[in-house]
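Colleague: One structure, pasted below without further comment.
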Amino acid sequence: MNQKTIKHKLLRNPFVRILLGLLVCFGAVIIGQEIAGRILKLTPFNKDYRNLIKGIIVSLLAIGSYTIFFKFIEKRAIEEISLKAIGKHLSLGILIGVILQSLTILVIYLAGDLKVVSINPISFII
């Protein structure tokens, strides 16, 4: 009986939940990345396409493992990655990212250290 209460208290600790969540998500990502990488090496796809497919698979594994783990541990709906207000949150995130990236480049430009050496194809963005 005492062990059950210690285990229950331990699983209710927010710090332990965060660590377990990180362990589960990182474990799923690392294992998924290795498996997907080995399977995709057998395909005739270009390296860039293999990396794109592997990235999509790993992203889905990270979201899936997060959702399953916290549904199991916290027994609640996972609202932080829901599709309810995705347009608003996605737009705001992209806007903040563009502003921060632009400010970084502006600082480098004002310091006189900005030099364009080459331009990569658009597929490098993905």
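Colleague: Val29 fails exactly one of the following numbered conditions: (1) at pLDDT 90 or above; (2) more than 21 Å from the chain's Cα centre (by Cα); (3) surrounded by 10 or more Cβ atoms within 10 Å (Cβ to Cβ). What is the number of that condition?
Modeller: It fails just one condition, (2).
Colleague: Please work out if Ile56 is within 15 Å of the chain's Cα centre (by Cα) and modelled with pLDDT under 90. Working first, answer last.
Modeller: Working: within 15 Å of the chain's Cα centre (by Cα): yes; modelled with pLDDT under 90: no.
So Ile56 fails the test.
Colleague: Do you know which residues across region 104-126 are over 24 Å from the mean Cα position of the chain (by Cα) and either surrounded by 10 or more Cβ atoms within 10 Å (Cβ to Cβ) or part of a helix (DSSP H, G or I) (or both)?
Modeller: Ile105, Leu106, Val107, Ile108, Tyr109, Leu110, Leu114 - these are the residues of region 104-126 that are over 24 Å from the mean Cα position of the chain (by Cα) and either surrounded by 10 or more Cβ atoms within 10 Å (Cβ to Cβ) or part of a helix (DSSP H, G or I) (or both).
Colleague: Going by the structure shown, is Ile73 aliphatic (A, V, I, L, M), at pLDDT below 90, surrounded by fewer than 11 Cβ atoms within 10 Å (Cβ to Cβ) and in a helix (DSSP H, G or I)?
Modeller: Answer is no for this residue.
Colleague: Next question, about the same structure. Applying the selection to region 40-54, what residues are in a helix (DSSP H, G or I), among the hydrophobic types (A, V, I, L, M, F, W, C) and out of contact with any Lys or Arg (no Cβ under 9 Å at 6 or more places or on another chain)? Can you show your working first?
Modeller: Residues of region 40-54 that are in a helix (DSSP H, G or I), as a first pass: 40, 47-54.
The next check asks that each one be among the hydrophobic types (A, V, I, L, M, F, W, C); those that pass are 40, 52-53.
Answer for region 40-54, where residues must be in a helix (DSSP H, G or I), among the hydrophobic types (A, V, I, L, M, F, W, C) and out of contact with any Lys or Arg (no Cβ under 9 Å at 6 or more places or on another chain): Leu52, Ile53.
A quick yes/no check of all residues on (1) among the acidic types (Asp, Glu); (2) surrounded by 12 or more Cβ atoms within 10 Å (Cβ to Cβ); (3) in contact with a Phe, Trp or Tyr (Cβ under 8 Å, 6 or more places away or on another chain); (4) over 29 Å from Ile125 (Cα atoms):
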{"site": "His8", "(1), (2), (3), (4)": "no, no, no, yes"}
{"site": "Val16", "(1), (2), (3), (4)": "no, yes, no, yes"}
{"site": "Val24", "(1), (2), (3), (4)": "no, yes, yes, no"}
{"site": "Gln33", "(1), (2), (3), (4)": "no, yes, no, no"}
{"site": "Leu61", "(1), (2), (3), (4)": "no, yes, no, no"}
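Colleague: What do you reckon, is Gly32 touching a residue at least 12 places away in the same chain (Cβ under 8 Å) and farther than 26 Å from Ile18 by Cβ?
Modeller: Answer is no for this residue.
The values are calculated or read from the model by the stated rules, or taken from the named source; none is laboratory data. In this text, all values refer to a predicted model and were calculated from it rather than measured experimentally. Positions of Cβ are backbone-derived with ideal geometry, glycine not excepted, and every protein chain shown enters the neighbour counts.
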